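This report concerns only the one structure given below.
The values are calculated or read from the model by the stated rules, or taken from the named source; none is laboratory data. Here the structure is a predicted model, which means the values were calculated and not measured. Positions of Cβ are backbone-derived with ideal geometry, glycine not excepted, and every protein chain shown enters the neighbour counts.
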Amino acid sequence: MKKVLFTLIISTLGIGAAFSQQNLSVTSLIGTNVDTVLQRHLAGEGVELSNGKFNNTTGNIRTTQIGTFNRNGFTAFPFQRGLVMTTGNVSVAAGPNNSSSKSDSTGIGTVWTDPQLQQLITGHEVTDCSTLEFDFVAMADTFAFNYIFASEEYPEYACTSYNDIFAFFLDGPDPVTYSPSHKNVAIIPGTITASSPNGIAVSINSINPGPGSAGGSSSNCIPTGSSGQFSSYYVSNSSTNGVQYDGYTTAMTAAATILACQSYHMRLSIGNVSDYAYDSGVFLEEGSFYSPAVTIIPTWENEMIGNDTLLQNCREVDLKFKLPRPTYTSNISVIFNARGTAILGQDYKLICPSGDEITTTNNTFYFPSEVAEQDVHMKILPTATFTPEEPVKSVILYLATQRCADDASTRLYDTLTFYLRGNDSVKVLDKSITVCDRLEEISTEQISGTEPRVYEWIPATGIDNPSQIQSSCDITESRTYRLVASDQWHCMIDTATVNVNIVPKPDFTVTYTPDHGCVPLPVALQAQYSPDFANLYWTISSDEYTYTDSTTSIHTSLPEPGSYDITLLVESAPGCNESITYSNAIHVADYPHASFTYSPEEPENGAEVLFFNESSGENITNFTWSFGDGHSAYVENPTHSYHLTESDLMTVHFTVTNSDGCSDDTIQIVPVEDNFALFVPNAFTPNVDGLNELFKPVIRDVTNYDLAIYSRMGELVFFTDNPEQGWDGTVKGAPAPEGIYSWIIHYAKIGTPNVIKVKTGSVTLIR
C-alpha cells in the first residue's frame, strides 16, 4: 500500500510569480477551445490539425488536466514551452520538486477513463485519464512530434503494479497495405524487431533506473526480468530541480510512416494505474507536430548577376533542400526532371550530397535519418559550347517532392529555371526598340558586372559611335543589332541583341468579365493587339478608385462600390498609339449589413421566439436563419420554438442576400431558459371552504402528461391528461371518503418529448 499523500492545490495563474524563474511554470487551459489549443501549441509545419477533443469533449476544455508550460530559466529541461497533460491538476507539474505537492486529482472535473488505455493493462484499473485527440493530414509520408513522460511514481514505484500508463494511438490507413491500422507510436527507439513488431512502449516499468524501493521487482520490468535496460532515457530529478516530478524521460520522438495527404486520427492519452495518487504527466513540445515537407533555396557563389544565370568557369550554384526539422526516416526523396535547351551531362552537371552525379536515369536523392538540410551543386561543364547565335541556354528543373498535389501552396512539383552563359561575367540587356518611321538613338543597358573595356555594335550600319553603349543613329529599316561587351576579368563576352522595329500604329480589341458583381469584385481584362511588341496602358476608374496596369491580361479586384470606366492605350512606339474608353463598363454593388433582434429577451424552453430582421442595405431579397438547434427558416421575420433538455445558449446565424447576390451574415447568442417544474401536494381539503379544494400538481414545461388516482383498494377514482385539470375529491359525482389515495403521473420534459418518465406518490384527502 502506498504512503499517504497530502494534497496541495496550487492556482495555475501566476505560477511563475510563486517560484524562482529557475522553475518550470504551468498555466491551465480550462475554458479554452480544443482546436485553438492544437493550432497554437502543437501544430507545426506540413500538417493540418482539426476536430479536436479533450476527454471526449469538443469545444472548450472542462478540466484542469491540460495546460501550457514554460521552462523559464530551467534550461536543463529540453523543451522551452508547449502543452502538458496530467492525471491530476496541471498546477502540480510546476517546479520546484516539493514533497508536499506530490499529487492533485482534485479540481479536474469529471474523472475520465480511457477504454483504449485500459486495453493495455490487465488486472488493474486505469483512472484519472487525460486524453487529447484530433484528426490530421500530413504533407509528406512521415510525421513526428517530441514529448517527455514524467511521473511522481519515479523512482520508488518503478517495476511495480503502479505502472502509470500513456500511449499515442495512431489510426488510419497502413502505408503498405492501405488497410485500417491502429498502433501506439510512443515507443522506445530501436525496439521494433521481427519478434516485437510494435516495439516497446514508453512507461514507468520500461524506462527507469531499475526496480524501485516500494516493492519493485525485475519481474514487473519491461522486458520482463530486465533491470534498467533503458535507463539511458531516464532523468532523475532532485528536490532542487525546476519541475515537480521525481523523474522523467529524456526528450523522445513519436514518429511514423503514413500516406501523405490522407486523413489520420491521433489519440494522446495518459492515466493513473491502480490508484489515484502520485500523478504522471506528458510534455508535448510546442509546434513539434510536423511533417517534413521539402523547401528549395538556390544559393549562389556570386550575387553580382541575377539569380537565374550560371557562368561557365565563373559562377555555379547550390540548390539547398531544407526540411523544417530532421526527418526520422530515410524515405524523404527529391526527384529531378530536366528540360530546356541545355543538355544534362553535356552542358551542365548536378552533383548530389553523396558526391554522385544526377543523370536522366539516376535522378533521385534521399534525406538520411536525422538530416534536415542538403545541397545539390550545379555547374556548367568546361566542355559546354556557346555561340553568338546561342549565347544563352535554358535549364528548367522539375523537382518532385512528397507533398500534397491538390493544394496550390504545397503542389507536388517545384520548378526552377536557370540560364547558362559562356563566361559572361558582364551582362548586357537584350532589348527591342520600336518607333514610328525612324530611330535616332540606339542603346541598351549593362545590368551587372564592372565597367567593360570594349563595346562593339554589330553591324555598325547607321550608328554614329559603334564603340559606345549609347549612340545617336539614323536607322529607317527594321533590323537586328548585337552589342558585344567584354569585362575587366576577361570572362569572355556577353552579347545583347537589340531588335530595331519600325512599326505602324497599333490595332486592338478588348474583352472584360464580369460586368457586375459584389464588392470587392474580381475582374479579368484581356487585350488582343498588333503588333505583338506594343505597350499597353490600362486605367480602371470610378469616382472613388483608380487602378492602372500595363499587362495583356489583368486580374484585379475592384474594392469600392460604384460604376467603373475602362480605358486602354496601346503604344507600338513613342508617338504610335491608339486608345479606347468604355464608360460605366462594370457595376460593383455594395453588401448589405445583416442585423436582427428577437423577443422576448429571455426566451423560455418550448415557447415561441419572434425574430425580427433589422438589416440595412438595398434590394435585400433572401433571408436565411439558422437557430442553433438544427432548424432553419427562410422568411424575413420567422417564429421559432426551442425544445432543449436544459437551459442553453443558442447561436443564431442570420444571412441576408440582395438582388445582386451580395450576402452578409451575423451571429447572436440567444439564452433559452428551461423552466421545467413538477410539484405534487401531499394533501387537500375539498370541504367547500374555498381553500385547498383541488388536488392539482404544479407543472411547467411538461408534455405527454397524464395523472391517475387510485383508492386503497386499487380502484381508479380519477384520470386526466390535461395538466390544468385537478381532482375535486369526488368519485362519480359523490364525495370520496377521507383517507390516503395513491397517484401515478406519466410525463416528458418538453425538450425530450419521447422520453416518458413516471412519478408516484400519495395524497391525503381531508374533509
From 293, 277, which residue is within 31 Å of the chain's Cα centre (by Cα) and modelled with pLDDT under 90?
293
Neighbours by Cβ (under 7 Å, 6+ apart or cross-chain): first from region 627-640, without any contact (Cβ under 8 Å) to a residue 24 or more places away in the chain; second surrounded by 13 or more Cβ atoms within 10 Å (Cβ to Cβ) and of a type in the set (Phe, Trp, Tyr)
629/642; 632/625; 633/625; 634/623; 635/623; 636/623
Which pairs have Cβ atoms under 8 Å, sit 6 or more apart or on different chains, and link a residue in region 710-723 that is part of a strand (DSSP E or B) to one that is surrounded by fewer than 10 Cβ atoms within 10 Å (Cβ to Cβ)?
none
Please indicate, with yes or no, whether at least one residue in region 150-168 is under 19 Å from residue 259 (Cβ atoms), surrounded by fewer than 23 Cβ atoms within 10 Å (Cβ to Cβ) and not β-branched (Val, Ile, Thr).
no
So, in region 169-184, how many residues would count as being buried (at least 20 other Cβ atoms within 10 Å of the Cβ) and of a type in the set (A, V, I, L, M)?
1
Looking for something among the hydrophobic types (A, V, I, L, M, F, W, C), assigned to a strand (DSSP E or B) and farther than 19 Å from residue 145 by Cβ - is there at least one such residue anywhere in region 222-244?
yes
Any chance residue 347 is of a type in the set (Asp, Glu), at pLDDT 85 or above, on the phi < 0 side of the Ramachandran plot and surrounded by 15 or more Cβ atoms within 10 Å (Cβ to Cβ)
yes
How many of the residues making up region 161-188 are closer than 17 Å to residue 148 by Cα and either touching a helix residue (DSSP H, G or I) at 6+ places or on another chain (Cβ under 8 Å) or among the small types (Gly, Ala, Ser) (or both)?
7
Mind counting the residues in region 639-650 that are loosely packed, with under 13 Cβ neighbours inside 10 Å and not aliphatic (A, V, I, L, M)?
2
The condition from (1) free of Cβ contacts under 8 Å to residues at least 24 places away in the same chain; (2) under 14 Å from residue 245 (Cα atoms); (3) not small (Gly, Ala, Ser) that residue 57 misses is numbered (2)
Does residue 263 satisfy the criteria of being without any contact (Cβ under 8 Å) to a residue 40 or more places away in the chain and in the same structural domain as residue 149 (by TED's automatic domain parsing)?
no
Counted residues, region 66-77 - those being modelled with pLDDT under 95 and either crowded, with 22+ Cβ neighbours inside 10 Å or under 13 Å from residue 33 (Cα atoms) (or both)
2
Filter region 451-466 down to the residues that are outside any strand (DSSP E or B) and either among the aromatic types (Phe, Trp, Tyr) or at pLDDT 90 or above (or both) and list them by number.
459, 460, 461, 462, 464, 465, 466
Test residue 530 against the stated conditions and say whether it is within 47 Å of the chain's Cα centre (by Cα) and of a type in the set (Ser, Thr, Tyr).
no
Checked 165, 192 against criteria (under 24 Å from residue 243 (Cβ atoms), modelled with pLDDT under 95 and of a type in the set (Val, Ile, Thr)); the one match is 165
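The rows are residues; the columns are (1) surrounded by 19 or more Cβ atoms within 10 Å (Cβ to Cβ); (2) farther than 30 Å from residue 614 by Cα.
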| site | (1), (2) |
| --- | --- |
| 655 | no, no |
| 703 | no, yes |
| 709 | yes, yes |
| 722 | no, yes |
| 751 | yes, no |
Qualifying positions in region 726-737 - surrounded by 13 or more Cβ atoms within 10 Å (Cβ to Cβ) and either at pLDDT below 90 or not in a strand (DSSP E or B) (or both)
726, 728, 729, 736
Exactly one condition in (1) modelled with pLDDT of 85 or more; (2) crowded, with 16+ Cβ neighbours inside 10 Å; (3) assigned to a loop (DSSP other than H, G, I, E, B) is false for residue 325; which is it?
(1)
Say we look at region 579-619 and pick out the residues that are among the charged types (D, E, K, R) and more than 19 Å from residue 641 (Cβ to Cβ); which of these is nearest to the chain's Cα centre (by Cα)?
590
Across region 357-376, what is the number of residues that are out of contact with any Phe, Trp or Tyr (no Cβ under 8 Å at 6 or more places or on another chain) and acidic (Asp, Glu)?
1
Could we say that residue 565 is surrounded by fewer than 17 Cβ atoms within 10 Å (Cβ to Cβ), at pLDDT 95 or above and under 30 Å from residue 503 (Cα atoms) here?
yes
Can you tell which of 684, 654, 719 is at pLDDT 95 or above and either among the charged types (D, E, K, R) or not assigned by TED's automatic domain parsing to the domain that holds residue 617 (or both)?
719
Please give the strands (runs of 3 or more DSSP E) falling wholly within region 351-450 in which 2 or more residues are at pLDDT 85 or above.
373-380, 392-401, 413-421, 431-435, 439-443
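Scanning region 658-689 for residues that are acidic (Asp, Glu) and touching a residue at least 40 places away in the same chain (Cβ under 8 Å), which turns out farthest from residue 598 (Cα to Cα)?
Keep residues of region 658-689 that are acidic (Asp, Glu), which gives 660, 664-665, 673-674, 689.
If we keep only those that are touching a residue at least 40 places away in the same chain (Cβ under 8 Å) as well, we get 660, 664-665, 673-674.
Values: 660: 27, 664: 19, 665: 16, 673: 15, 674: 18 Å.
Residue satisfying both the conditions and the ranking: 660.
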